[in-house]
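Below: the structure, in structure tokens.
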Amino acid sequence: MNSLAPVLRSALEDELAGRPRATLAAATARLSERYRRGGAAQAPILVTDADVAAYAAYRMPATYAACERALALSSLCFGGRIDSVVDLGGGTGAGAWAAASVFEPSSVRVLDQVDAALKCGQRLSSSVFDARFETWRVGSAVPAADLVMASFVLSELSEAQRAALVHAMGSSASEAVFLIEPGTPDGHQRILAARAQLVDSGWMIAAPCPQSGECPVRQPDWCHFAARVERSAMHRQIKGGDLSYEDEKFSFVFAVRSGASPSGARVLRHPGKRKGFVDLTVCDAAGETGRRVVTKKQGDAYKQARDLRWGDPWV
Ligand SMILES: C[S@@+](CC[C@H](N)C(=O)[O-])C[C@H]1O[C@@H](n2cnc3c(N)ncnc32)[C@H](O)[C@@H]1O
């Protein structure tokens, strides 16, 4: 896989070069507050060109990184081929960029209700990969594709819309359905509801779960992962803060019709790497979570465990 993160960063710099930073910062503050508050949207949250530009500047690198990590992990657990992708509620196209980087499909369609976001997405990706950006609303027909995905969309929908969207995704995807949400307790609950709906209609879970039965992660805990995102100078100017990176937390599900090869276990936390042993928290194929301590005496297993990262498959 060839990460498109640096290409996206430079496309964003070009796209936003002439925009006053103060306007972007004001729109960013409004959008962050709205997304933090959560709840279904009665009307589009992205309204003006400035909203779309701010969203692209402060959210696209992070949603791209989360989608790229989740799709890369998913691709390790799936033997099929993804040659066409439909990205629903795709906005400015961050999820489509990630799918393009992981699967290199020949056809990519990004569907959304906000025309300004679609136009921005088309400009950003035009010299990088072929994609069609099209007006669409939840409830309209979903075009067929090998992979149908929705990244960071469910939280803006009512429960009935979420169920309808997941049903439509499952009906139009020939190989895989991918959903990703913020790595919060609520985000995980939305993913769990979608996961259950997909399993009930015959889909198998390829990632992150090692099995398609009930999820063993119980509240107040929640299943989530993280992707590190470098923060550009522009990002720091409009969002504030000094750190050169941030960790974008996410929950996801990648369901497949066939060809699932789920991992034996999934690493659920940062591994504790101590002198002579590695302390892992995993979710396993028996549908249980727990600690596994791998000691130096275990030779190759120990060497392998020392390289593990949060979210990786194990054995
Ligand atoms: C938080 S943004 C995520 C955008 C993109 N998927 C990403 O990961 O960066 C949510 C997107 O869902 C779209 N959306 C929300 N409700 C929708 C609806 N009813 N019909 C179509 N798109 C919708 C919004 O317009 C927005 O672009």
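The values are calculated or read from the model by the stated rules, or taken from the named source; none is laboratory data. Everything numeric here is computed off the predicted structure, so don't read it as measured data. Please note: Cβ atoms are built from the backbone with ideal geometry, for glycine as well, and neighbour counts cover all protein chains shown. These accessible areas exclude ligands, DNA and RNA; they are computed on the full protein's heavy atoms, side chains included. Shrake-Rupley method; radii C 1.70, N 1.55, O 1.52, S 1.80 Å.
Please enumerate the residues belonging to the range 201-230 that are touching a residue at least 60 places away in the same chain (Cβ under 8 Å) and of a type in the set (K, R).
Answer for the range 201-230, where residues must be touching a residue at least 60 places away in the same chain (Cβ under 8 Å) and of a type in the set (K, R): just R228.
Is it the case, given these coordinates, that G121 is of a type outside the set (A, V, I, L, M, F, W, C), surrounded by 16 or more Cβ atoms within 10 Å (Cβ to Cβ) and assigned by TED's automatic domain parsing to the domain that holds L71? First the steps, then the outcome.
On the way: of a type outside the set (A, V, I, L, M, F, W, C): yes; surrounded by 16 or more Cβ atoms within 10 Å (Cβ to Cβ): yes; assigned by TED's automatic domain parsing to the domain that holds L71: yes.
Taking the combined requirement at face value, the residue satisfies it.
Return the residues of the range 266-292 that are buried (at least 20 other Cβ atoms within 10 Å of the Cβ) and in contact with a Leu (Cβ under 8 Å, 6 or more places away or on another chain); say none if nothing qualifies.
Correct list: V267, P271, V278, L280, V282, C283.
Can you find, within the range 7-21, the residue that is farthest from the chain's Cα centre (by Cα) among those that are surrounded by 13 or more Cβ atoms within 10 Å (Cβ to Cβ) and in a loop (DSSP other than H, G, I, E, B)?
Per the stated criteria, the residue is R19.
Which of the residues spanning the range 171-183 are closer than 23 Å to A66 by Cα and not in a strand (DSSP E or B)?
Keep residues of the range 171-183 that are closer than 23 Å to A66 by Cα, which gives 173, 175-183.
Selection gives G183 alone.
If a residue has to be open to solvent by 10 Å² or more (accessible area, probe 1.4 Å), within 12 Å of the ligand (Cβ to nearest atom) and of a type outside the set (G, A, S) to count, how many in the range 59-86 make the cut? Explain how you work it out, then say what you get.
Filtering the range 59-86 for residues open to solvent by 10 Å² or more (accessible area, probe 1.4 Å) gives 59, 61, 65, 68-69, 72, 75-76, 78-81, 83-84.
Within this subset, residues satisfying the condition of being within 12 Å of the ligand (Cβ to nearest atom) are 59, 61, 65, 68.
With the extra rule that they be of a type outside the set (G, A, S), the set shrinks to 59, 61, 68.
Residues in the range 59-86 being open to solvent by 10 Å² or more (accessible area, probe 1.4 Å), within 12 Å of the ligand (Cβ to nearest atom) and of a type outside the set (G, A, S): 3 in total.
Go through (1) closer than 21 Å to V177 by Cβ; (2) touching a strand residue (DSSP E or B) at 6+ places or on another chain (Cβ under 6 Å); (3) surrounded by 22 or more Cβ atoms within 10 Å (Cβ to Cβ) for S212 and report which single condition fails.
(3)
For the range 133-148, state whether one or more residues are closer than 29 Å to S261 by Cβ, surrounded by fewer than 23 Cβ atoms within 10 Å (Cβ to Cβ) and within 13 Å of the ligand (Cβ to nearest atom). Give the steps one after another, and end with the answer.
First, the residues of the range 133-148 that are closer than 29 Å to S261 by Cβ: 142-148.
Filter again for surrounded by fewer than 23 Cβ atoms within 10 Å (Cβ to Cβ), leaving 142-144, 146.
Applying the additional criterion that residues be within 13 Å of the ligand (Cβ to nearest atom) yields 142.
Checking the range 133-148: at least one residue is closer than 29 Å to S261 by Cβ, surrounded by fewer than 23 Cβ atoms within 10 Å (Cβ to Cβ) and within 13 Å of the ligand (Cβ to nearest atom).
Just need a number here: residues in the range 231-249 that are touching a residue at least 40 places away in the same chain (Cβ under 8 Å) and open to solvent by 80 Å² or more (accessible area, probe 1.4 Å).
3
If F103 meets every condition in (1) open to solvent by 50 Å² or more (accessible area, probe 1.4 Å); (2) more than 11 Å from the ligand (Cβ to nearest atom); (3) aromatic (F, W, Y) apart from one, which number is that one?
(1)
Regarding G89, is this residue surrounded by fewer than 24 Cβ atoms within 10 Å (Cβ to Cβ) and modelled with pLDDT under 95? Before you say what the answer is, go through the steps one by one.
On the way: surrounded by fewer than 24 Cβ atoms within 10 Å (Cβ to Cβ): yes; modelled with pLDDT under 95: no.
No.
If you check A53 against the conditions, is it hydrophobic (A, V, I, L, M, F, W, C) and more than 9 Å from the ligand (Cβ to nearest atom)?
On the way: hydrophobic (A, V, I, L, M, F, W, C): yes; more than 9 Å from the ligand (Cβ to nearest atom): yes.
Here the answer is yes, as A53 does meet what is asked.
For the range 22-48, which positions are surrounded by fewer than 11 Cβ atoms within 10 Å (Cβ to Cβ) and basic (K, R)?
R36, R37
Out of V278, V229, report the one residue that is part of a strand (DSSP E or B), touching a helix residue (DSSP H, G or I) at 6+ places or on another chain (Cβ under 7 Å) and at pLDDT 95 or above. Steps first, answer last, please.
Numbers: V229 fails: at pLDDT 95 or above.
That would be V278, the only listed residue that is part of a strand (DSSP E or B), touching a helix residue (DSSP H, G or I) at 6+ places or on another chain (Cβ under 7 Å) and at pLDDT 95 or above.
Could you pull out the residue among A160, A164, A168, A196 that is of a type in the set (G, A, S), more than 16 Å from the ligand (Cβ to nearest atom), assigned to a helix (DSSP H, G or I) and open to solvent by 10 Å² or more (accessible area, probe 1.4 Å)?
Just one listed residue meets the conditions, A196.
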